[in-house]
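Structure record follows, encoded as structure tokens.
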Amino acid sequence: MPSAVLLVLALAAIALLLLLVIGLRMSAFMALMTVSVLLAIATRVPLTSIADTMTTGMGNALGSVATVVALGAMLGSLIERADGADTLARRFVRVLGEHRVAIAVTIVAFLVGIPIFFEVAFIVLAPIVFALARVTRTRLLSIALPVGTAALTVHVAVPPHPGPLIAINAVKADLGLALGLGLLVAVPTVVISGPIAARFMARWVPIEAPEPLGASDEEHEGPRPAFATSIMVVLLPVGLMLLRTVVETLV
């Protein structure tokens with residue numbers, strides 16, 4: 001089947017998936033399964049092989065993501081339950097002021113998102129986003145949208161993430177040039193769809209930050225972790241994955 005036809009089918013599958021989830025309110029999992037089956041039929045995958053193909057692909061994806069998500073959730077819970085996220089949030093607010101917090105965290109998410117996957121950056125930064133929204137008493141989307149946009153943009157546009165690397169290898173492009181162009185596109189994308197868009201969207205979606213899981217009206221017992229300790233815990237997975245990227249690139 002020609003590449004152009006496959007590309008059109010892929011775009012049609014994405015459009016159908018969005019229609020089912022957003023328009024018809026179908027469960028995201030069921031919509032993904034339905035679209036996958038239809039796409040397999042359209043690309044002439046043998047009917048007897050569709051189930052095996054789907055389970056193999058799903059198993060490979062879960063095998064690489066489940067461990068990261070589980071460990072990241074443990075790390076986020078550790079930061080949240082020890083009030084480390086609250087410590088970071090209060091320090092950000094005290095140093096930068098409430099009006100600059102969203103911009104500062106967006107820059108952090110942009111830098112953190114370059115060496116690590118989106119799902120890892122999201123899980124690591126989520127407790128800080130919730131804590132900042134609570135401390136500054138701002139709507140959650142004002143901080144969450146810029147952070148999510150920054151992490152997702154570098155994930156899809158900037159090497160060494162898998163998507164850009166596959167595209168670079170497919171067209172035999174120069175890695176350094178692709179990195180420069182990716183950053184050139186990513187920066188204005190993050191600025192426009194992050195802090196600027198959040199100003200308007202937060203008015204349409206007035207969601208306040210929820211209390212931490214298991215929170216109570218009682219004050220936190222015991223000493224709060226120091227700022228240096230909290231930031232070290234947050235940056236530990238970032239540093240490890242950045243080290244892995246450097247080693248893989250050199251060796």
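Table for the structure above
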quantity: Matching residues, segment 216-251, being at pLDDT 70 or above, in a helix (DSSP H, G or I) and of a type in the set (Val, Ile, Thr); calculated: 229, 231, 233, 246, 247, 249
quantity: Test: residue in segment 163-173 that is open to solvent by less than 20 Å² (accessible area, probe 1.4 Å) and either within 30 Å of residue 227 (Cβ to Cβ) or touching a residue at least 24 places away in the same chain (Cβ under 8 Å) (or both); calculated: no
quantity: Hits in segment 1-33 - residues which are more than 27 Å from residue 167 (Cα to Cα) and of a type in the set (Val, Ile, Thr); calculated: 21, 22
quantity: Within segment 109-125, considering residues that are open to solvent by 20 Å² or more (accessible area, probe 1.4 Å) and assigned to a helix (DSSP H, G or I), the one modelled with the highest pLDDT; calculated: 110
quantity: Residue match in segment 127-139 (condition: touching an Asp or Glu at 6+ places or on another chain (Cβ under 6 Å) and among the hydroxyl-bearing types (Ser, Thr, Tyr)); calculated: yes
quantity: Of residues in segment 20-35 being farther than 17 Å from residue 54 by Cβ and under 22 Å from the mean Cα position of the chain (by Cα), the one modelled with the highest pLDDT; calculated: 21
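The values are calculated or read from the model by the stated rules, or taken from the named source; none is laboratory data. Just so you know, these numbers come straight off a predicted model, no measurement behind them. Every residue, glycine as well, gets a Cβ built from its backbone with ideal geometry; the counts of neighbours run over all protein chains shown. Remember, those area values only see protein heavy atoms, side chains included, never the ligands or the DNA or RNA. Shrake-Rupley method; radii C 1.70, N 1.55, O 1.52, S 1.80 Å.
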